[in-house]
1. Taking the Cα centre of the chain as origin, work out the dipole magnitude from +1 charges on Lys and Arg Cβ and -1 charges on Asp and Glu Cβ, in debye rounded to 20.
2. In the stretch 1-101, which trypsin sites (Lys or Arg not before Pro) are in a loop and have at most 15 other Cβ atoms within 10 Å, using DSSP for the loop call?
3. Expressed as a whole number of Å, what is the distance separating the alpha-carbon centroids of the stretch 1-78 and the stretch 268-300?
4. If you take every DSSP beta bridge whose two residues both sit in the stretch 279-348, what share of them, in percent to the nearest 5, is antiparallel?
5. Using a 1.4 angstrom probe on heavy atoms only, work out the carbon and sulfur share of the accessible area of the chain in %.
6. Work out, step by step, the length gained on full extension between Gln110 and Glu453: first 0.36 nm times the residue separation, then minus their alpha carbon distance; give nm to one decimal.
7. Which of Ile46, Pro30, Ser5 sits farthest toward the positive end of the charge dipole of the stretch 2-70, with +1 on the Cβ of Lys and Arg and -1 on the Cβ of Asp and Glu?
8. Shape of the stretch 2-70 from its Cα gyration tensor (a ≥ b ≥ c, root eigenvalues): rounded if a/c is under 1.5, otherwise prolate when a/b > b/c, or oblate?
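The values are calculated or read from the model by the stated rules, or taken from the named source; none is laboratory data. Because the structure is predicted, anything quoted here is derived from the model rather than measured. Positions of Cβ are backbone-derived with ideal geometry, glycine not excepted, and every protein chain shown enters the neighbour counts. Each accessible area value is taken on the protein alone, full model and side chains, heavy atoms only, with ligands, DNA and RNA left out. Shrake-Rupley method; radii C 1.70, N 1.55, O 1.52, S 1.80 Å.
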Amino acid sequence: MEHDSDRACFERVHRHSVHTLQKQDILILPELSTIEDSRARLHQAIPQHGIGIEATTDHLLQDIAPTLNASSLTARYYGFVIGGITPAARVADALVSTYDQNPMVHLPDQSIATNVEDKALRLLMDLLHFEKNEWSGVFSTGATASNVLGLACGREHIVNQRIKDRLGPDSHESVGSSGLLKACRVAGVEDIHIYATMAHSSLYKASSILGLGRSCVKDISKSKGNPAFDLRVLEEQLASDHDKSVSIVVVSCGEVNTGLFATYGDNDLRIIRKLCKKYSAWLHVDGAFGIFARVLEGLPGFERVAQGAQCLELADSVAGDGHKLLNVPYDCGFFFCRYPDLSQLVFQNPGAAYLNNNNATTAAVKSPLDIGIENSRRFRGLPVYATLIAYGHEGYQDMLKRQIIFARNVAAYIFDHPAFDLLPKDVFTSKSGINQDVFIIVLFRATNRALNEVLVQKINASNKMYVSGTVWEGGPATRIAVSNWQVDPNRDLEVVKSVLEGLLR
Ligand SMILES: *Cc1c(COP(=O)(O)O)cnc(C)c1O
């Protein structure tokens, strides 16, 4: 660093961070008035003469830091599926900022960054029981980007397959080179369908980005509010106009409202795999958070949720999130694919001679810029590498077990309480089902309509815990999504109870 003042500011921020992480009584959300005051102090235009690093540091620490929320820092933030940061991941992330590597091109003589990311992906495959030799992987910004990667690879594969069927195996037409419109024309494909059950909103977004359109996603859930497939409808749909259309099937491994899974055990996924083979469909898994149920394989008490993520290795591609249950910092997702060459067909960064390493095709590690969305990006694999070696398989089992046990404690409390309904009602007909089906999400509502309308707002006004709302069966519902490694099942249950009892008084 050039100047003493630069270093002093860096140390001030570091001390502030250490202090913040030690706080026992951290506010989940900042006071609204603090946010409003600070908003008024944000700079409205670029200063002609910069204000300097010291004044900037003052501004950051006085006006900005106190107005950020503690969503990742506390175990009692249950909104969305926000995740936390393990200490090892945080330590590594500090180095990421210091060194500011750009792991876009594999340059093994210049930096070990791409090797580290490759190893991080392999360790992740170990954790999640994917055979390392059979899968290729790449880091993304999150599960949305990984769903884009999955649908893009699927689109490429199924349309190119049709082209080869029509024009012969030597045809060089492909979606990646000719574009979707021309490739489909050449292939005789008039429609592309995506079949899913209670798909995450990001799947519709991915379809739109890729020129497939949001309306091509068809929901084929067996019943409303349950992400199980209607396998009869799936086969009917795949078979109908099969000569003029191609399809992608997406498995919701962990549905975001309920935490339930689209498939359980090996039976459904084997059937789906067979159907995909028969009708040349691509099989993609959106496992943003649910894929981590694979960490529980073989643990007593968690059989049912482990079944929810069983047999995912039968898929062609898999999307997962690092910044949710892996508890690494934003922004980090991952994508596994069975066909490494296919990713390259779509995502190659062609013809930029100045970027290419000499042996791009033979290198043991593929340059991320040829198999993922971004060219330049952050060294986001380092925190993944660090957290996986720091805590290992058992460490991750322990973190996830605590989160699930807490969610089940809350679900059991809600189930027994006359003022609340645990949802979906037809799934939780008896209390014993809770200890099988509840993963990390508890969905519920107040039986009193008026209270239910304001339940999320009232819970959050306590600032002792934070929940997000959703719509269920046409009315408001409250979601507790547990995703932070710091959860303490008994301590945190007492907080939930006291907040909810407080609202009823
Ligand atoms: C969170 C989530 C996504 C989107 O992930 P981002 O990390 O927000 O991009 C996709 N699918 C599921 C099931 C999710 O829970």
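1. I would put it at about 900 debye.
2. Here the sparse-neighbourhood loop sites are Lys23.
3. After rounding, the separation between the Cα centres reads 43 Å.
4. 60
5. On the chain, the fraction of accessible area on carbon and sulfur atoms equals 51 percent.
6. Using 0.36 nm per residue and subtracting the Cα-Cα distance, I get 117.7 nm.
7. Pro30
8. In terms of gyration-tensor shape, oblate.
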